[in-house]
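First the structure, in the form of structure tokens, and then the observations on it.
The values are calculated or read from the model by the stated rules, or taken from the named source; none is laboratory data. Just so it is clear, the model here is predicted, and its values are computed rather than measured. Quick reminder, even Gly has a Cβ in these numbers, built from the backbone with ideal geometry, and neighbours come from all protein chains shown.
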Ligand SMILES: *Cc1c(COP(=O)(O)O)cnc(C)c1O
């Protein structure tokens, strides 16, 4: 869907916010308790067999089903944590965000819940399912540019003009703290994992997983996954500095063209490895979810499973947590996955 290869510069650096602490994560868990789904963490024997057939003999997969979260993705955890923490004057100013879909849906959902005015800038030709959901949640939608990065620049201009709070997708400690509650749950549901595989766009989900793992289970290896066609976070992590990269993956939840300072700072020391998967491997993992786990995963949501299937040697004989981060797959996307 997003096929531009333009490479705009990274977001203005300014001061890098400090990452959240475990205290922030526990406060987020209390704040959003009852407002988010405690999503299931499930074993699917057919996925284990598929992974074994790919070369990961003896792997024991546990899928964290954030595809079943409100709005169909984990991001609502962060959005609710942010907006529930607003003072009245912040709420009245409203929020502006840029997104290819799930960040927008999450903020629109939390904005409706808290009565906060919400404007979303999306690149042209968004996933129609996600665009419709955002409009139905009552947010104002502006379409601008071809990529996530074009929308980001426009959102900055809109926020500056109307005085609203610009909510980025990655350099936001309060979002990371909220998102971290998914890992907190998973470690309660499956306390015996060896490895946790997390998909990355801007990196908030992976940074959150690293923070919680470091605090609660320092032996747990957190492995990040990005689409090979949009490898900015991967490249930034390998280089040890923020990088931009071509941004051409079909998985819109992973379609980000630059590294972000906050999430990279967390990932730098704490991530065990960073893998890349191509879009066809992601489609194959979506098919495996559909046929082997009765699960609709969008491309980004299937990327962690794709990493296990594409890099089986790392996972053989291990207990592996796999984050199925979202389920908002368009009909076109599902047809393609099944046709491959
Ligand atoms: C946003 C998103 C991601 C990537 O998360 P980051 O926190 O930006 O790295 C992965 N999967 C889905 C479904 C998403 O919506």
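Tabulated data
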quantity: Neighbours by Cβ (under 6 Å, 6+ apart or cross-chain): first from segment 200-219, over 10 Å from residue 233 (Cβ atoms) and in the same structural domain as residue 179 (by TED's automatic domain parsing); second more than 15 Å from the ligand (Cβ to nearest atom) and not in a helix (DSSP H, G or I); calculated: 213/220
quantity: In segment 202-227, the residues that are touching a strand residue (DSSP E or B) at 6+ places or on another chain (Cβ under 7 Å) and within 15 Å of the ligand (Cβ to nearest atom); calculated: 205, 206, 209, 210, 222, 223, 224, 225, 226, 227
quantity: Subset tally (residues that are without any contact (Cβ under 8 Å) to a residue 60 or more places away in the chain, away from the ligand (no atom under 16 Å from the Cβ) and in a helix (DSSP H, G or I)) for segment 68-108; calculated: 6
quantity: Residue within segment 286-304 that is farther than 22 Å from residue 41 by Cα and buried (at least 24 other Cβ atoms within 10 Å of the Cβ) present; calculated: no
quantity: Positions within segment 109-126 being crowded, with 24+ Cβ neighbours inside 10 Å and under 17 Å from residue 148 (Cβ atoms), in sequence order; calculated: 120, 121, 122, 123
quantity: Qualifying residue in segment 174-186 (condition: more than 11 Å from the chain's Cα centre (by Cα) and in a loop (DSSP other than H, G, I, E, B)); calculated: no
quantity: Filtered residue count, segment 220-240, keeping only those that are more than 26 Å from residue 105 (Cα to Cα) and touching a residue at least 12 places away in the same chain (Cβ under 8 Å); calculated: 9
quantity: Hey, residue 271 away from the ligand (no atom under 13 Å from the Cβ) and at pLDDT 95 or above or not; calculated: no
